[in-house]
Amino acid sequence: MAKRLLHIIVNGRAREDAVGDHTSLVDYLRGVVGLTGTKQGCDGGECGACTVLVDGEPRLACITLAATMAGRSVETIESLAVDGRMSRLQRAFHEKLGTQCGFCTPGMIMSAEALLRRNPSPSEADIRAALAGNLCRCTGYVKIIESVQCACAEEA
């Protein structure tokens, strides 16, 4: 397998790694960088568990080649906590029981984070639209929506 040198910023830190041409971003983040918060779900871009932010926009890491991220900034769920303190979204998901089994939670939170950066006071419809690409097999999404709304209220 051919490899190339990848210059990338992951969670605010510049990195330089040799990656295979066919290495997915999720495999790179988990296997090379050691950030296991990004979950590998369907491997086909259908569930959203692997959602990360690329230059501030949600991206499915399972269908993104790591080599295409040269010069880009990637944020994972690990980037949201500061000095060991959970972000407002992480805290809200914990307090409002938005995490059931927790497998989809990192992707949900990253999609919600992108939304709140664009729109700090989203409607329920806005939240549902932003999370439409993230599947949860445990809930009817009520607690997830409430968690995002709680995070919005905390910021206000």
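The values are calculated or read from the model by the stated rules, or taken from the named source; none is laboratory data. Note that the structure is predicted; figures quoted are calculated from it, not measured. Neighbour counts are summed over all protein chains in view; Cβ atoms, including those assigned to glycine, are modelled from backbone coordinates with ideal geometry. With ligands, DNA and RNA removed, areas are computed over all heavy atoms of the protein, side chains included. Shrake-Rupley method; radii C 1.70, N 1.55, O 1.52, S 1.80 Å.
Report the charge-dipole magnitude of segment 48-136 in Debye, nearest 20, computed about the Cα centre from +1 at each Lys and Arg Cβ and -1 at each Asp and Glu Cβ.
80 debye
Any idea what angle helix 142-155 forms with the longest principal axis of the chain, computed on alpha-carbon atoms, 0 to 90 degrees, nearest 10?
Roughly 90 degrees between the two axes.
Counting C-alpha atoms alone, how compact is segment 1-66: give Rg to one decimal and Dmax as a whole number, in angstrom.
Looking at segment 1-66, its Cα Rg and Dmax stand at 11.3, 31 Å.
For the pair Glu78 and Glu46, what calculated FRET efficiency results from E = 1/(1 + (r/R0)^6), where r is the Cβ-Cβ distance and R0 = 25 Å, to the nearest 0.05? Could the numbers behind the result be given before it?
Details: r = 24 Å, r/R0 = 0.95.
It comes to 0.60.
Rolling a 1.4 angstrom probe over the protein chains, ignoring ligands and nucleic acids, what is the accessible area of His7 in square angstrom, nearest 10?
Surface open to solvent at His7 totals about 90 Å².
How much length is gained if the chain between Glu124 and Arg85 is pulled fully straight, taking 0.36 nm per residue apart and subtracting their Cα-Cα distance, in nm to one decimal? Before the final figure, lay out each step's value.
On the way: separation 39, 0.36 × 39 = 14.04 nm, distance 2.67 nm.
Separation in residues times 0.36 nm, less the Cα-Cα distance, equals 11.4 nm.
What order do you get for 107-119, 124-136, 51-63 when each peptide is scored by the mean count of other beta carbon atoms within 10 Å, highest first? Working shown, then result.
Working: 107-119: 21.8, 124-136: 16.6, 51-63: 20.0.
With the highest mean Cβ count within 10 Å placed first, the list reads 107-119, 51-63, 124-136.
Kindly report, to the nearest 10 Å², the accessible surface of Lys3 as traced by a 1.4 Å probe over protein heavy atoms only.
140 Å²
If you roll a 1.4 angstrom probe over the protein chains with everything in place, what fraction of the accessible area of segment 37-104 belongs to carbon and sulfur, to the nearest %?
Of all accessible area on segment 37-104, carbon and sulfur atoms account for 49 percent.
Provide the per-residue ³J(HN,Hα) series for segment 43-57, in order, calculated from phi with Karplus coefficients 6.51, -1.76, 1.60 and θ = phi - 60°, each as a whole number of Hz, with x at glycine and proline positions.
6, x, x, 10, 10, x, 4, 8, 4, 10, 9, 10, 6, x, 10
Note down the nm distance, to one decimal, between modelled labels 7 Å out along Cα→Cβ at His22 and at Ile9.
That separation, rounded to one decimal, is 3.2 nm.
Cα extents of the chain along the three principal axes, largest first, in whole Å?
Projected onto its principal axes, the Cα set of the chain covers 47, 30, 24 Å.
For the chain, with every protein chain kept in place, what is the accessible area per residue (1.4 Å probe, Å²)?
Each residue of the chain exposes 50 Å² on average to a 1.4 Å probe.
Using Cα pairs closer than 8 Å and at least 6 residues apart in sequence, work out the relative contact order for the chain, in percent. Can you show the working numbers first?
Details: 275 pairs, mean separation 36.6, N = 156.
Over the chain, the number comes to 23 percent.
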